[in-house]
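I have placed the structure first, in the form of structure tokens, so that the comments after it can refer back to it.
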Amino acid sequence: MKTTLDEMQAFVAVVDQGSITAGAEEVGLTVSATSRTLGRLEEKLQTTLLRRTTRRLELTEEGAVFLENARAILASVDAAEEQLAARRMHPVGRLRVDAATPFMLHVIVPLLAGFYARYPQVELELNSNEGFTDLLEKRTDVAFRIGALKDSTLHARPVGSSRLRLLASPAYLQRHGAPTTPAELAGHVLLGFNQPDSLNDWPLRNDDGTTVRIKPTIASSSGETLRQIALAGLGIVCLSDFMTRQDQKDGQLLPLFAGQALDVRQPINAVYYRNTALASRITCFVDHVIDALGKDPFDV
């Protein structure tokens, strides 16, 4: 059996304090427990470390050699713990963040200056993937997921929720007019997703009560691409407020079907694996994003 740090600490304390009684008090053990610990240590090492007399303790030659090494080991452990404590206060190292391109551009990027002002020693690696990302395979520390979570191995921290809206540019509406019923959408250029098809469910009800599912005239895997096409005046799109709220405020994209559209919101979560011991840089980044966004961050 190998010696333990507790055994080394007890041995060093007894030597430094000059007695088993004082050493026991130093490490928070009873005298009998400390005596047993020393005996167990000597048994493991198969050597005598201390000669005990009624008046004092005396190191053997082997004990002196072991003492020097034990001090070095304990000092190394203390230094490692201090470094980790320092990293918690001043996080350092590489942090790999993954998010869909629109969320990265419209939410994460505007918050980076504030994060670097607080944590200049963190090295960010930002990756954008439009589909599902395996955090382990991509060596991702934290990902921002939009929509319902299905992976039970992930721990999630809610960031907020963002409403889906049907939108079109003033130029498009001037040329083609605004649809007033779901059936009229069939006569318009519809901008949708080629994957997953569930993103083509729009927050409207048909006359029979079913949810409107569109067949895109122009399809893309990227919400940001669809946003740019809509801004160019080429069609009607359904996108989340987190990426279009400024467009709506500036009047570049106008909401359609006021009073008819359903209030459908996409949950947004920061996710990481449950069995991962969180490094301080992960916690600090997620905390910064959530604190900077505040309550109801994506409402128009």
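The values are calculated or read from the model by the stated rules, or taken from the named source; none is laboratory data. Everything numeric in this text was worked out from a predicted model, so none of it was measured. Counting neighbours? That spans all protein chains shown, and the Cβs are built from the backbone with ideal geometry, glycine included. Surface areas here come from the heavy atoms of the whole protein model, side chains and all, with no ligands, DNA or RNA. Shrake-Rupley method; radii C 1.70, N 1.55, O 1.52, S 1.80 Å.
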*Taking Ile214 and the conditions (1) crowded, with 20+ Cβ neighbours inside 10 Å; (2) at pLDDT 95 or above; (3) of a type in the set (A, V, I, L, M, F, W, C), which numbered condition does it fall short on, given that it satisfies the others?*
(2)
*What single numbered condition from (1) part of a strand (DSSP E or B); (2) open to solvent by less than 30 Å² (accessible area, probe 1.4 Å); (3) modelled with pLDDT under 85 fails to hold for Leu135?*
(1)
_Any residue at all in the range 251-264 that's open to solvent by less than 50 Å² (accessible area, probe 1.4 Å), more than 20 Å from Ala186 (Cβ to Cβ), part of a helix (DSSP H, G or I) and out of contact with any strand residue (DSSP E or B) (no Cβ under 7 Å at 6 or more places or on another chain)?_
no
*Mind checking which pairs have a first residue in the range 10-33 that is closer than 14 Å to Arg71 by Cβ and a second that is open to solvent by 60 Å² or more (accessible area, probe 1.4 Å) and part of a helix (DSSP H, G or I), Cβ under 6 Å, 6 or more apart or different chains?*
Ala13/Glu26
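Mind telling me which of the residues Ala270, Ala230, Ala219 ends up being assigned to a strand (DSSP E or B) and open to solvent by less than 20 Å² (accessible area, probe 1.4 Å)? So that I can check it myself, show each step before the final result.
Details: Ala230 fails: assigned to a strand (DSSP E or B); Ala219 fails: open to solvent by less than 20 Å² (accessible area, probe 1.4 Å).
Just a single option satisfies the conditions, and that option is Ala270.
Yes or no, residue by residue, for (1) aliphatic (A, V, I, L, M); (2) out of contact with any strand residue (DSSP E or B) (no Cβ under 9 Å at 6 or more places or on another chain); (3) open to solvent by less than 60 Å² (accessible area, probe 1.4 Å):
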position: Lys150; (1), (2), (3): no, yes, no
position: His155; (1), (2), (3): no, no, no
position: Leu166; (1), (2), (3): yes, no, yes
position: Ala171; (1), (2), (3): yes, yes, yes
position: His176; (1), (2), (3): no, no, no
position: Gly187; (1), (2), (3): no, yes, no
position: Gly192; (1), (2), (3): no, no, yes
*Taking the range 99-118 as the region of interest, how many residues are open to solvent by 30 Å² or more (accessible area, probe 1.4 Å) and among the aromatic types (Phe, Trp, Tyr)?*
1
*Looking at the range 69-93, which of its residues are open to solvent by 30 Å² or more (accessible area, probe 1.4 Å), in contact with a helix residue (DSSP H, G or I) (Cβ under 8 Å, 6 or more places away or on another chain) and modelled with pLDDT of 70 or more?*
Arg71, Ile73, Val77, Val92
*asked:* If I ask for residues that are farther than 19 Å from Val77 by Cα and open to solvent by 60 Å² or more (accessible area, probe 1.4 Å), which ones from the range 1-27 would you list?
replied: Met1, Gln17, Thr21, Glu25
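Mind listing just one residue for me: the one in the range 119-132 that is exposed (fewer than 12 other Cβ atoms within 10 Å of the Cβ) and not in a strand (DSSP E or B) and, of those, modelled with the lowest pLDDT?
Just the residues of the range 119-132 that are exposed (fewer than 12 other Cβ atoms within 10 Å of the Cβ), to begin with: 120-121, 123, 131-132.
Add one more test, that the residue is not in a strand (DSSP E or B), and what stays is 120-121, 131-132.
Details: Pro120: 89, Gln121: 85, Gly131: 63, Phe132: 60.
Among residues in the range 119-132 that are exposed (fewer than 12 other Cβ atoms within 10 Å of the Cβ) and not in a strand (DSSP E or B), the one modelled with the lowest pLDDT is Phe132.
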_Restricting to the range 182-211, name every residue that is at pLDDT below 95, of a type outside the set (Ser, Thr, Tyr) and more than 19 Å from Gln266 (Cβ to Cβ)._
Pro182, Ala183, Glu184, Leu185, Ala186, Gly187, Asn206, Asp207, Asp208, Gly209
